[in-house]
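Participant: Quick one: this structure, given as structure tokens, is what I'll be asking you about.
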Amino acid sequence: MLNHQAVFSYLIQEKLLAPESLILDRLRIVNSSQRNHNVSVLRSHSPSYFLKQGDGGEGSGTVANEALVYHFLQTHRKEHEIHNYLPRCLAYDSQEQILTLEFVADARDLGKYHMQRGRFPKSIAVAMGKALGLLHQVPVKDKVNDGSECLAHEIPWAITLHRPELNLLQTISDTALKLIKIIQKFPNLCTYIDVLSQEWNPVALIHYDIKLENYLVYPQKSEKQSTALKMIDWEFAGIGDPCWDVGSVFSTYLSFWIFSMPITGETPPEEFMKLARYPLERMKGAFISFWTSYVNQMALAPVEANGWLLKSMRFAAARLLQTAYEISMSRGRLTNNVVCLLQVSFNILQRPEQATLQLLGIPFQ
């Protein structure tokens, strides 16, 4: 794996860094490793870099997939605006499994932005809708040998969580297993989830892992808009159902709302909803702006838009189950907020039309 000295040597070797920069540019390296080995190389007077290196096994595969996605999207750079919402991909070294991207200066992920501001600007929601619409409009079958055939993706594992395979059960935590058993106690809900598997329609390039942390907002010198947006972490992107991405936007904000509630066993639900640090009512304008922007970008007719909205809402329920599972894997017990995630997911699956209006405030056309 790259250490600090090796990072400098590698960038000089790739001609992304001049030797004199080591003295003139006040270089700093910040380690931000999570699933893979990530480092930011910050320069005071020149463009900075973000390097991502696979840590072997699955990590190497996801970094290679992200590099493939950037390569595929860059083939559409001249004909498509999607590149405006991506960091620039500068290089991919398949031998060392190193992906080099531009570092987006002064950026914050969307979750931190909302926590610091306590607001949900409609302008950002509009940009999110347009960016997703542009992504889902990138042609994936019109060109020959453009890499799209390598971007096939399986159905989201969250949709089969209630019917876990043996390899999952071999690595699952006791808390996550308890969560799956709760889901399995409700056969009707399992049936609703099974229907989502049948309706999965892989017709577009999707991000697949949309969440607040995978959006970056940064200041922009423009009279029209002071904040710009980038989508990051394309490790799991592939050909899939565009409604999964839309539902993931809904889900990530619903999770943000639920985890801002001080939920205790003694407090009635209507009370802790009132005490949410980030009330759902404050988000509804952004939900409407996001959806309107997406529908306009995709040029969906009213009847088609209603169908996509309903399907996206049901996918949001499945994504809430995924979030509950991921949190349960690292906790010693099922927390009250995770139980609330389950309850909201169940309610959406049972009454998706009502949930769309009550939770998101988005009217059907």
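The values are calculated or read from the model by the stated rules, or taken from the named source; none is laboratory data. Predicted model, so just to flag it, every value in this text is computed and none were measured. Note that each Cβ is placed from the backbone with ideal geometry, even for glycine, and that neighbours are counted across all protein chains shown.
Participant: Please go through segment 160-192 and pick out each residue that is part of a helix (DSSP H, G or I) and either in contact with a helix residue (DSSP H, G or I) (Cβ under 6 Å, 6 or more places away or on another chain) or not assigned by TED's automatic domain parsing to the domain that holds Leu321 (or both).
Facilitator: Initially, segment 160-192 is screened for residues part of a helix (DSSP H, G or I), giving 160, 166-169, 174-184, 187-192.
The answer is Thr175, Ala176, Leu179, Leu189, Tyr192.
Participant: Given the condition of a type in the set (A, V, I, L, M, F, W, C) and touching a Leu at 6+ places or on another chain (Cβ under 6 Å), answer yes or no: does some residue in segment 270-280 qualify? Step through it out loud before you land on a result.
Facilitator: The initial filter retains those residues of segment 270-280 that are of a type in the set (A, V, I, L, M, F, W, C), namely 272-273, 275-276, 280.
Filter again for touching a Leu at 6+ places or on another chain (Cβ under 6 Å), leaving none.
Scanning segment 270-280 turns up no residue that is of a type in the set (A, V, I, L, M, F, W, C) and touching a Leu at 6+ places or on another chain (Cβ under 6 Å).
Participant: Quick one: would you say Pro47 is under 30 Å from Glu281 (Cα atoms) and of a type outside the set (Gly, Ala, Ser)? Before the answer, list the steps.
Facilitator: Details: under 30 Å from Glu281 (Cα atoms): no; of a type outside the set (Gly, Ala, Ser): yes.
Here the answer is no, as Pro47 does not meet what is asked.
Participant: With the condition kept exactly as written, say whether any residue in segment 195-214 is assigned by TED's automatic domain parsing to the domain that holds Met283, farther than 22 Å from Ala317 by Cα and modelled with pLDDT of 95 or more.
Facilitator: Step one: filter segment 195-214 for residues assigned by TED's automatic domain parsing to the domain that holds Met283, giving 195-214.
Retained after the next criterion (residues that are farther than 22 Å from Ala317 by Cα): none.
No, because not a single residue in segment 195-214 is assigned by TED's automatic domain parsing to the domain that holds Met283, farther than 22 Å from Ala317 by Cα and modelled with pLDDT of 95 or more.
Participant: Among the residues of segment 147-199, write down those that are out of contact with any Gly (no Cβ under 8 Å at 6 or more places or on another chain), of a type in the set (S, T, N, Q) and surrounded by 13 or more Cβ atoms within 10 Å (Cβ to Cβ).
Facilitator: Ser148, Thr160, Ser173, Gln184, Ser197
Participant: How many residues does segment 83-126 hold that are free of Cβ contacts under 8 Å to residues at least 12 places away in the same chain, closer than 23 Å to Glu66 by Cβ and out of contact with any helix residue (DSSP H, G or I) (no Cβ under 9 Å at 6 or more places or on another chain)?
Facilitator: Result for segment 83-126: 1.
Participant: Can you find even one residue in segment 66-73 that is in a loop (DSSP other than H, G, I, E, B) and modelled with pLDDT of 85 or more? Before you say what the answer is, go through the steps one by one.
Facilitator: Initially, segment 66-73 is screened for residues in a loop (DSSP other than H, G, I, E, B), giving none.
No, every residue in segment 66-73 fails to be in a loop (DSSP other than H, G, I, E, B) and modelled with pLDDT of 85 or more.
Participant: Within segment 318-346, work out how many residues are closer than 22 Å to Trp200 by Cβ and free of Cβ contacts under 8 Å to residues at least 40 places away in the same chain.
Facilitator: Matching residues across segment 318-346 total 2.
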